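Report on the following structure.
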2 protein chains.
Amino acid sequence: MAVYTDVSDEDISRFVAEYDIGDVVSFKGIAEGVENTNFLLQTTKAPFILTLYEKRVNPDDLPFYLGLMDHLSATGLNCPTPIHGKDGVALRRLCGRPAAITSFLQGMSPRRIQPHHCAGLGTALAQLHTAGLGFEMHLPNALSVKGWRPLFESCQEHADDVEPGLGKMIGDEIDYLEANWPHALPKGVIHADLFPDNVFFFPGKEDVSGLIDFYFACNDLLAYDIAICMNAWCFEPDSSFNVTKAKNLLSYYGKVRGLSDAELAALPVLARGASLRFLLTRLYDWVNTPKDALVTPKNPREYITKLRFHQRVENASAYGLD
Amino acid sequence: MAVYTDVSDEDISRFVAEYDIGDVVSFKGIAEGVENTNFLLQTTKAPFILTLYEKRVNPDDLPFYLGLMDHLSATGLNCPTPIHGKDGVALRRLCGRPAAITSFLQGMSPRRIQPHHCAGLGTALAQLHTAGLGFEMHLPNALSVKGWRPLFESCQEHADDVEPGLGKMIGDEIDYLEANWPHALPKGVIHADLFPDNVFFFPGKEDVSGLIDFYFACNDLLAYDIAICMNAWCFEPDSSFNVTKAKNLLSYYGKVRGLSDAELAALPVLARGASLRFLLTRLYDWVNTPKDALVTPKNPREYITKLRFHQRVENASAYGLD
């Protein structure tokens with residue numbers, strides 16, 4: 001969380017005047033989103049979220065993200081809806097940065113994940129994948145199997161500082177995944193970062209109330225998105241894998257979009273890839289984040305443990321499926 | 001700004017159930033307040049602010065702060081109103097910390113101070129001082145003239161690291177202020193930290209829409225609060241003193257609560273004291289904040305310049321009064 005860009009009361013008043021959303025009455029930086037600066041903007045009409053896109057987001061990709069949210073909202077999915085200015089344009093500039101206002105979503109991210117959260121997540125993820133099928137823009141996943149080797153090479157020399165032998169482990173894993181990646185599985189739009197922070201629930205309810213933060217969304221294997229969620233939602237704080245949670249995720253997903261035998265069979269390799277992807281980006285950030293940065297980098301070790309777990313998995317029955 | 005304490009969705013749901021304010025629908029850490037952790041809490045009824053009091057606030061002083069906000073709100077002043085639980089209690093505990101919910105104030109802090117802001121500030125400050133006269137609790141100001149010498153002694157050895165000769169300058173100034181402090185001026189409740197961050201306006205409006213952050217409030221000389229505001233609002237970014245702003249602050253203040261000749265005559269010494277107070281706390285924080293802290297300490301130099309300005313002032317006419 002961080003507010004990277006300071007926006008003055010005059011800046012925001014001028015900016016809001018470009019929309020038909022009432023007058024600004026309150027404006028507060030919020031601790032949400034690691035890559036961008038987010039403000040909760042209250043106008044005389046409603047609450048909104050204002051996002052300023054900081055340097056880690058490629059401005060060329062913003063039309064994809066905003067177009068996707070437009071598309072998903074139109075299908076009835078609960079995600080931030082880009083608000084278009086009086087001139088029809090959603091992607092604007094503020095304080096020298098690309099910026100957009102989106103609708104405000106109610107609900108809260110769960111901190112202590114329960115099996116019922118994983119059931120709701122499974123349903124919402126499959127709804128997202130289904131809704132995304134009609135979206136016509138295309139953005140390849142820069143953080144899928146082709147991107148891992150160059151990313152690793154940029155921080156390889158520091159890998160063994162995190163854990164002796166980590167460099168060799170990652171190199172071997174990239175060899176394995178490049179040789180065994182299931183390229184032929186069903187493709188579509190994936191969220192690619194659906195951690196609990198990005199999923200809202202109402203207290204005590206199973207159904208997801210909304211999905212946020214589509215700034216890693218891209219086109220890739222749909223089942224790869226499930227593998228990312230399995231890693232993010234189904235391990236306990238003590239690093240043990242909770243089969244009940246995984247079973248809920250997979251079975252509720254399957255009720256909305258049926259998983260093929262090929263997708264199920266590929267889950268272990270996809271989960272290894274999903275582990276490696278976050279291990280690599282965390283390793284990169286760990287090595288490259290200055291000590292005085294506004295954001296503390298996440299420790300890569302968590303994903304070493306997850307990768308080792310999936311390396312030992314023989315088939316998808318380890319994830320709770322019969 | 002910082003969120004020092006993580007509050008889970010389950011914690012907040014349980015906590016909100018102790019009040020009659022509806023059910024929680026959203027809950028976001030906000031970048032407001034340096035000392036405490038603040039959340040914007042949206043319930044089915046209204047938006048609120050939840051504050052968790054962190055270690056820099058003395059828990060023994062919290063009944064004074066909350067009682068003061070209760071009192072000021074009852075007089076019609078726009079400040080956060082403490083929300084009392086179903087049991088009548090406003091000061092509760094959450095995640096091991098004292099915590100309170102207050103009403104949400106509309107408006108925004110100005111970033112680029114205009115003379116009209118200082119007029120509105122003068123009116124609001126005098127209204128605050130007048131409204132505070134009926135408040136019966138008492139909290140001495142730990143950061144007034146008696147507190148400066150011990151505070152300086154705790155960080156004296158590092159003063160010259162900020163600027164050569166600073167140690168001697170501060171020591172001499174404390175001698176001067178202890179000998180010349182105008183103890184007999186009118187006393188009452190002061191805000192003591194009324195920087196622009198803590199004052200809300202609606203865009204383009206002169207009137208203050210609300211005052212926040214009463215966690216330095218105390219009993220002291222009312223005119224000392226004016227001196228603090230003069231320092232915080234009437235210097236330009238290039239360190240020059242803007243007489244028009246000071247004149248607005250003082251004259252609009254005087255329309256609500258007339259300033260005595262003794263108060264006007266004491267303004268230069270009070271302004272020196274107000275400069276020294278923030279110079280000392282910033283010096284202390286500069287010396288004592290670890291490099292990896294969530295909050296970056298403010299540079300003390302700004303207040304060296306302000307102190308030097310007031311040392312050269314001969315009488316209150318330098319502040320724009322005839």
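The values are calculated or read from the model by the stated rules, or taken from the named source; none is laboratory data. Given the structure is predicted, the values throughout are model-derived calculations rather than measurements. Counting neighbours? That spans all protein chains shown, and the Cβs are built from the backbone with ideal geometry, glycine included.
Taken over the range B:198-229, the residue count meeting the criterion of being out of contact with any Phe, Trp or Tyr (no Cβ under 8 Å at 6 or more places or on another chain), within 14 Å of chain A (Cβ to nearest Cβ) and part of a strand (DSSP E or B) is 3.
Matching residues to (1) basic (K, R); (2) within 14 Å of chain B (Cβ to nearest Cβ); (3) crowded, with 21+ Cβ neighbours inside 10 Å; (4) part of a helix (DSSP H, G or I):
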residue: A:Y252; (1), (2), (3), (4): no, no, no, yes
residue: A:K255; (1), (2), (3), (4): yes, no, no, yes
residue: A:T281; (1), (2), (3), (4): no, no, no, yes
residue: A:D285; (1), (2), (3), (4): no, no, no, yes
residue: A:P297; (1), (2), (3), (4): no, yes, no, no
residue: A:E314; (1), (2), (3), (4): no, no, no, no
residue: A:S317; (1), (2), (3), (4): no, no, no, yes
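Summed over the range B:15-33, residues that are farther than 24 Å from A:L211 by Cα, surrounded by fewer than 16 Cβ atoms within 10 Å (Cβ to Cβ) and of a type outside the set (D, E) total 1.
Give the residue, chosen from A:D261, A:D225, that is charged (D, E, K, R) and either outside the structural domain of A:A179 (by TED's automatic domain parsing) or within 20 Å of the chain's Cα centre (by Cα) (or both).
Unique residue meeting the criteria: A:D225.
Filtered by the rule that a residue be among the charged types (D, E, K, R) and modelled with pLDDT of 90 or more, the range B:290-322 gives B:R301, B:E302, B:K306, B:R308, B:R312, B:E314. Condition first: in a helix (DSSP H, G or I), over 19 Å from the mean Cα position of the chain (by Cα) and not acidic (D, E). Can you find one or more residues in the range B:178-197 that meet it? Yes, there is a match, as at least one residue in the range B:178-197 is in a helix (DSSP H, G or I), over 19 Å from the mean Cα position of the chain (by Cα) and not acidic (D, E).
So B:C79 fits all but one of (1) touching a strand residue (DSSP E or B) at 6+ places or on another chain (Cβ under 6 Å); (2) within 9 Å of chain A (Cβ to nearest Cβ); (3) of a type in the set (A, V, I, L, M, F, W, C); (4) touching a residue at least 60 places away in the same chain (Cβ under 8 Å); what number is the exception? Condition (2) is where B:C79 drops out. Only one residue in A:F104, A:F48 is buried (at least 20 other Cβ atoms within 10 Å of the Cβ) and within 14 Å of another protein chain (Cβ to nearest Cβ), so which one is that? Residue meeting the stated conditions: A:F48.
In the set (1) in contact with a strand residue (DSSP E or B) (Cβ under 7 Å, 6 or more places away or on another chain); (2) surrounded by fewer than 18 Cβ atoms within 10 Å (Cβ to Cβ); (3) in contact (Cβ under 8 Å) with a residue 24 or more places away in the chain; (4) facing chain A (nearest Cβ under 10 Å), B:R111 fails one condition alone, (1).
Under the condition of being surrounded by 13 or more Cβ atoms within 10 Å (Cβ to Cβ) and outside any strand (DSSP E or B), which residue from the range A:76-88 is farthest from the chain's Cα centre (by Cα)?
Keep residues of the range A:76-88 that are surrounded by 13 or more Cβ atoms within 10 Å (Cβ to Cβ), which gives A:77-85.
Now drop any that are not outside any strand (DSSP E or B), which leaves A:77-81, A:83-85.
On the way: A:L77: 16, A:N78: 15, A:C79: 13, A:P80: 14, A:T81: 17, A:I83: 21, A:H84: 24, A:G85: 27 Å.
The residue in question is A:G85.
Filtered by the rule that a residue be within 21 Å of the chain's Cα centre (by Cα), of a type outside the set (S, T, N, Q) and under 18 Å from B:P268 (Cβ atoms), the range B:131-177 gives B:V145, B:W148.
In the range A:18-36, what residues are of a type in the set (A, V, I, L, M, F, W, C) and assigned to a strand (DSSP E or B)? Break it down into steps so the answer makes sense when it comes.
First, the residues of the range A:18-36 that are of a type in the set (A, V, I, L, M, F, W, C): A:21, A:24-25, A:27, A:30-31, A:34.
A:V24, A:V25, A:F27, A:I30 - these are the residues of the range A:18-36 that are of a type in the set (A, V, I, L, M, F, W, C) and assigned to a strand (DSSP E or B).
Filtered by the rule that a residue be crowded, with 23+ Cβ neighbours inside 10 Å and either polar (S, T, N, Q) or under 20 Å from A:Y53 (Cβ atoms) (or both), the range A:195-214 gives A:L211, A:I212, A:D213, A:F214.
Evaluating A:L91 against the criteria (1) in contact with a helix residue (DSSP H, G or I) (Cβ under 6 Å, 6 or more places away or on another chain); (2) crowded, with 18+ Cβ neighbours inside 10 Å; (3) of a type in the set (A, V, I, L, M) leaves one unmet condition, (2). Residues considered: B:H191, B:H138. Of these, the only one that is touching a residue at least 40 places away in the same chain (Cβ under 8 Å), touching a strand residue (DSSP E or B) at 6+ places or on another chain (Cβ under 8 Å), surrounded by 15 or more Cβ atoms within 10 Å (Cβ to Cβ) and at negative phi is B:H191. Mind checking whether some residue in the range B:122-134 is among the aliphatic types (A, V, I, L, M), in a loop (DSSP other than H, G, I, E, B) and either surrounded by 21 or more Cβ atoms within 10 Å (Cβ to Cβ) or more than 14 Å from chain A (Cβ to nearest Cβ) (or both)? The answer is yes, given that some residue of the range B:122-134 is among the aliphatic types (A, V, I, L, M), in a loop (DSSP other than H, G, I, E, B) and either surrounded by 21 or more Cβ atoms within 10 Å (Cβ to Cβ) or more than 14 Å from chain A (Cβ to nearest Cβ) (or both).
In the condition set (1) away from every other protein chain (no Cβ under 14 Å); (2) touching a strand residue (DSSP E or B) at 6+ places or on another chain (Cβ under 8 Å); (3) over 26 Å from A:P300 (Cα atoms); (4) free of Cβ contacts under 8 Å to residues at least 60 places away in the same chain, A:V89 is compliant with all but (2). Only one entry of B:F64, B:F15, B:F39 meets the criterion of being in a strand (DSSP E or B), in contact (Cβ under 8 Å) with a residue 12 or more places away in the chain and not assigned by TED's automatic domain parsing to the domain that holds B:T289, and that entry is B:F39.
All of (1) over 17 Å from B:T123 (Cα atoms); (2) touching an Asp or Glu at 6+ places or on another chain (Cβ under 9 Å) hold for B:P237 with one exception: (2). Filtering A:V256, A:V287 for residues that are of a type in the set (V, I, T) and either in the same structural domain as A:I30 (by TED's automatic domain parsing) or modelled with pLDDT under 95 (or both) leaves a single hit, A:V287.
Taking the range A:28-45 as the region of interest, how many residues are at the interface with another protein chain (Cβ under 8 Å from one of its Cβ atoms) and farther than 24 Å from B:D6 by Cβ? Please lay out each step first, then the result.
To start, the set of residues in the range A:28-45 that are at the interface with another protein chain (Cβ under 8 Å from one of its Cβ atoms) comprises A:28-32, A:40, A:42.
The next check asks that each one be farther than 24 Å from B:D6 by Cβ; those that pass are A:42.
Here the count works out to 1.
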